Amino acid sequence: MSKDDIGDRGQWMFSLIMTELCGRDEPFFRPRFLGDKYPTFDYILELVDQPEYFFFVQVKTTTKGYTQNPVRLKVHVSQVDVDRMVACPAPAYVVGIDESSQKGYLLSVNEPRDHVASLTTRFEIGCTVLSELSDEVRQFWSTRTMVLAASKFKE
Amino acid sequence: MSDNDRNWFITERSEALASLMLTSRSDVAVESENKKDDGADFVVAVNSTEGPPTRLFVVQVKGTTSSDKGQWTENVKQLYKQGPYYLPACVFVINVRSNEAAYAWVAEPEVVERGAKLNFFEHPDFHSLDRNAVDHIVNRVRQWYDAIPRSSKTQAT
């Protein structure tokens, strides 16, 4: 399987994982692909019931599996990308996907840190993590005033 | 919000599930897709790594939130009135709530004594869609293309 094929399959798996219905009428999130040329991030995801609340995700897919003891997914995120995610004023995450098991793992990259040499498997994405992520993003935006009040271009 | 806006996830999930099932075989690639309100039309290539894709078939993907097979039949019946089809074609119906899937041939490839032909139907005959079913579909398409030269030879003589 070529690198492009792995990337395509990773995007389809990401879309499925993030739009799991979890017994609801609609998914928690609506993913929108940013395009191959967009730097650092692959997707912007909106809360379905409140699309003005959103977050960014970089998706990393691997066919190499996991390290042993501790069990971590073998994906890598560069220091440049980590620094851009930290500098982003919206919530930012990495989602690692194991191609063979089609499992996804979430990692917050919102505070300064070293590059990601491998990904923790502590936050496997299922209905509980999706619900908690929704709460986290909602909490982030609802506690901020995002109004640009003194724009020089006001009428 | 329109129904189309409300049903975005039916398109997204059915398209992703169908793509993953098809490309679970390394010799299959989705060459092009045309998104619709409740799914997508795929042109799928077999053996795409061996030069330009010449062995193509069509997969029409229909997403649903229903597990009622009567409703599936209702949702796809217009496909059986379209045509003519010149390539093998099948429909995938995918329940995006349970991730269950089924397929039915619209234009079924068949190898006959003197070559290859397509069988057409008036109604869908659904079969469970899993990795084995994808293997079956791809093998039928592959055998059909293998048999086409025999058909051409027969017509030429």
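Brief remarks on what is shown
- Of all residues making up segment B:30-39, the number that are surrounded by fewer than 22 Cβ atoms within 10 Å (Cβ to Cβ) and either in contact with a helix residue (DSSP H, G or I) (Cβ under 8 Å, 6 or more places away or on another chain) or at the interface with chain A (Cβ under 8 Å from one of its Cβ atoms) (or both): 6
- When residues in segment A:1-29 are screened for being surrounded by fewer than 21 Cβ atoms within 10 Å (Cβ to Cβ) and farther than 28 Å from B:Arg25 by Cβ, 5 of them pass.
- Of the residues in segment B:91-107, at least one is among the polar types (S, T, N, Q), under 30 Å from A:Pro27 (Cα atoms) and either touching a Pro at 6+ places or on another chain (Cβ under 7 Å) or not in a loop (DSSP other than H, G, I, E, B) (or both).
- Identity of the residue in segment B:1-14, more than 8 Å from every other protein chain (Cβ to nearest Cβ) and at pLDDT 90 or above, that ends up nearest to A:Gln102 (Cα to Cα): B:Ser14
- Restricting attention to segment B:40-57, the residues that are without any contact (Cβ under 8 Å) to a residue 40 or more places away in the chain, within 15 Å of the chain's Cα centre (by Cα) and open to solvent by 30 Å² or more (accessible area, probe 1.4 Å) total 3.
- Matching residues in segment B:78-119 - criterion: being farther than 30 Å from A:Met13 by Cβ, loosely packed, with under 14 Cβ neighbours inside 10 Å and in contact (Cβ under 8 Å) with a residue 40 or more places away in the chain: B:Arg114
- Total residues in segment A:30-47, condition surrounded by 16 or more Cβ atoms within 10 Å (Cβ to Cβ) and either in contact (Cβ under 8 Å) with a residue 60 or more places away in the chain or on the phi > 0 side of the Ramachandran plot (or both): 2
- Number of the exception - A:Arg138 against (1) in a helix (DSSP H, G or I); (2) basic (Lys, Arg); (3) open to solvent by 70 Å² or more (accessible area, probe 1.4 Å): (3)
The values are calculated or read from the model by the stated rules, or taken from the named source; none is laboratory data. All figures in this text were calculated on a predicted structure; none of them were measured in a lab. When we count neighbours, we look across all protein chains shown, and the Cβ atoms used for this are built from the backbone with ideal geometry, even at glycine. Each accessible area value is taken on the protein alone, full model and side chains, heavy atoms only, with ligands, DNA and RNA left out. Shrake-Rupley method; radii C 1.70, N 1.55, O 1.52, S 1.80 Å.
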